[in-house]
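The values are calculated or read from the model by the stated rules, or taken from the named source; none is laboratory data. Bear in mind that the values here come from a model prediction, so they are computed numbers and not experimental data. Heavy atoms of the whole protein, side chains included, go into the accessibility calculation; ligands, DNA and RNA do not. Shrake-Rupley method; radii C 1.70, N 1.55, O 1.52, S 1.80 Å.
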Amino acid sequence: MLFNLPIFFPMTRAKLLQPDLVLGKTIVELSPAILDRHGVKGLVLDVDETLVPFRGDQVSEELQAWIDPIKAKLPIWLVSNNMSESRIGGVAQTLDLPFLYGAAKPSRRKLRQAIAEMQLPVESVAMVGDRLFTDVLAGNRLGMFTILVEPMELPGKPLYPWSIRNIEVWLSQKLGVTLQGIFE
């Protein structure tokens, strides 16, 4: 049967899509206490829709206020699939953070590069992103602690109900991924 997905994707593979933590809110609600509770010593952050809306390039005051105390405690790298060095570099410059662009997540190559620069064990570094099939999958393939956050949206311009993220969530749930009940 075409929609008998477990035949094509065994449930054991669903673990690769299962975030360790579903925040249920945007990244600005990810507190230092939550990171401490989970033993996180470093962060790799996605950029588009995790830190800034996809069609926006301005870092909000709220994000800047969130990141300043976090980066005082933990090393942070931005790792984005976006191919625009100027876009990702601009966000990184505003936040005063190192970055890698064109990551091709779920490839692990640039995640490994960022973690090597942090000089931390991979399991103590969290991959934070808004997408299951890129951010969470890449982090889980590497053995990182994975955190799924809600996407940043432009005010007055919510995500389309048929967005890729919504399709990923629907498909992941069909594969057995639990996205409720593990909110902080």
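Quick notes on this structure:
- The 3J(HN,Hα) values that the Karplus relation (6.51, -1.76, 1.60; θ = phi - 60°) gives for the range 64-74 are, in residue order, 4, 5, 6, 6, 4, x, 5, 6, 6, 9, 10 Hz. Gly and Pro appear as x.
- Theoretical ellipticity at 222 nm over the chain - DSSP helices of four or more residues, -39500 (n - 2.57) apiece, nearest 500: -9500 deg cm²/dmol
- D57 contributes an accessible area of around 90 Å² to the protein surface, as traced by a 1.4 Å probe with all chains present.
- List W66, W170, ordered by accessible area with a 1.4 Å probe, largest first: W170, W66
- T26, T94, reordered so the largest accessible area comes first (probe 1.4 Å): T94, T26
- Candidate lysines for bridging to K73, where Cα separation is under 24 Å - those fewer than 8 sequence places away on the same chain excluded: K25, K41, K110
- Treating each Cα of the range 30-155 as one equal point scatterer and applying the Debye formula with no solvent, the log10 of I(q)/I(0) at q = 0.17, 0.18 Å⁻¹ comes out as -0.80, -0.91.
- For E117, solvent-accessible area (1.4 Å; no DNA, RNA or ligand), Å²: 120
- Taking every protein chain into account, the accessible area of the chain amounts to 52 square angstrom per residue (probe 1.4 Å).
- Nonlocal amide H pairs with F99, under 5 Å, H built at 1.01 Å: L78
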